[in-house]
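Here's the structure we're looking at; comments come further down.
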Amino acid sequence: MRQVFLDTETTGLSPESGDRIIEIGCVEMLNRRLSGRNLHFYLNPQRRNSEDAVKIHGLTDEFLADKPLFDSIADELLEYLAGAEVIIHNAGFDVGFLNEELKRVGRSRFGEIVTQVTDSLTMAREMFPGKSNSLDALCKRLEVDNTNRALHGALLDAGLLAEVYIRMTRGQNSLVIDGSEGSTREAELAIVDFSAFDLLVIAANEAEASAHDMLLAELDKACGGRTIWRTLVA
């Protein structure tokens, strides 16, 4: 199973009004493990950034002036994304921008290139209704370290989204890049016959037994006498 986590940064909020993509970040995951084969571009949007956008991503017009145009990286991007499930946080925003960029250079729409687009924001809203489900909020809730996220960045955010996604889908607690050795080796568990061992039983002394009885009495009082362990022991 090949999944790609994708994020973009843009000059503004409206592709219909001419706002453009200035950064694309992609993080690849194969069978729920990071492959390390990522893709990242800064792009010259051929227009000025809005001031509000620069406050979010910090990518100035001067920095972007010598970066490639979308047309020059389109083939590499489409080849990388072809056939993958693409996970995007608030997918409608990024896909809207990508479709406009693809339209400008005479390419197919984004949904025709990939096998599936999954919106992790929709997933989060279903899992955590009524709560903030921004990427920062999910990182905090799911204990994903985002201390390096002073500004938004497409590749950084795609990596954070991968970690958030794997925790949302309960596959594992963290992601690691596949190593060259042992990645497919199954763990071998030794079978131990415990009947061959004499297990040492250490009885509680009088003070320990008294302290235990006091704790049980306090628990019984706290729950209004509804505990059942004394009945079970009897």
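Read the figures in this text as sums done on the coordinates, not as results from a lab. Worth saying up front: this structure is predicted, and the values here are computed from it rather than measured. No Cβ is skipped: glycine too gets one built from the backbone with ideal geometry, and neighbour counts run over all protein chains shown.
Kindly state, as a whole number, the per residue volume in cubic angstrom of the convex hull around the alpha carbon atoms of segment 2-168.
Spread over its residues, the Cα hull of segment 2-168 gives 117 Å³ apiece.
Which ³J(HN,Hα) values, rounded to whole Hz and listed in residue order, are derived for segment 134-151 from phi using the Karplus coefficients 6.51, -1.76 and 1.60 in 6.51 cos²θ - 1.76 cosθ + 1.60 with θ = phi - 60°, glycine and proline given as x?
Here the 3J(HN,Hα) series is 5, 4, 4, 5, 5, 4, 5, 5, 9, 6, 9, 6, 10, 5, 7, 8, 6, 10 Hz.
Neighbour counts of other C-beta atoms within 10 Å: give me C139, C26 arranged from fewest to most.
Starting with the residue having the fewest Cβ neighbours, the order is C139, C26.
Amide H to amide H under 5 Å from E23: which residues, 5+ apart in sequence or cross-chain, H placed 1.01 Å off N in plane?
Here the answer is E9, L43, since their amide H atoms fall under 5 Å of that of E23.
Scale the Cα Rg of segment 5-55 by the rule-of-thumb value 2.2 N^0.38 Å and send over the ratio, two decimals.
Against the compact-globule rule of thumb, the ratio is 1.40.
Among R37, R20, R109, R141, what is the fewest-to-most ranking by other Cβ atoms within 10 Å? Mind dumping the intermediate values first?
On the way: R37 14, R20 22, R109 11, R141 17.
Lowest to highest Cβ neighbour count: R109, R37, R141, R20.
Run through the DSSP bridge list for segment 2-168 and note the antiparallel percent, rounded to the nearest 5.
If we restrict to bridges inside segment 2-168, about 70 percent are antiparallel.
In nm, to one decimal, how far is the modelled label at K221 from the one at T122, with both set 7 Å along Cα→Cβ?
Label at K221, label at T122, 5.6 nm between them.
Taking the number of other C-beta atoms within 10 Å as the exposure measure, put I88, I22 in order starting with the fewest.
Ranked by crowding around the Cβ, least crowded first: I88, I22.
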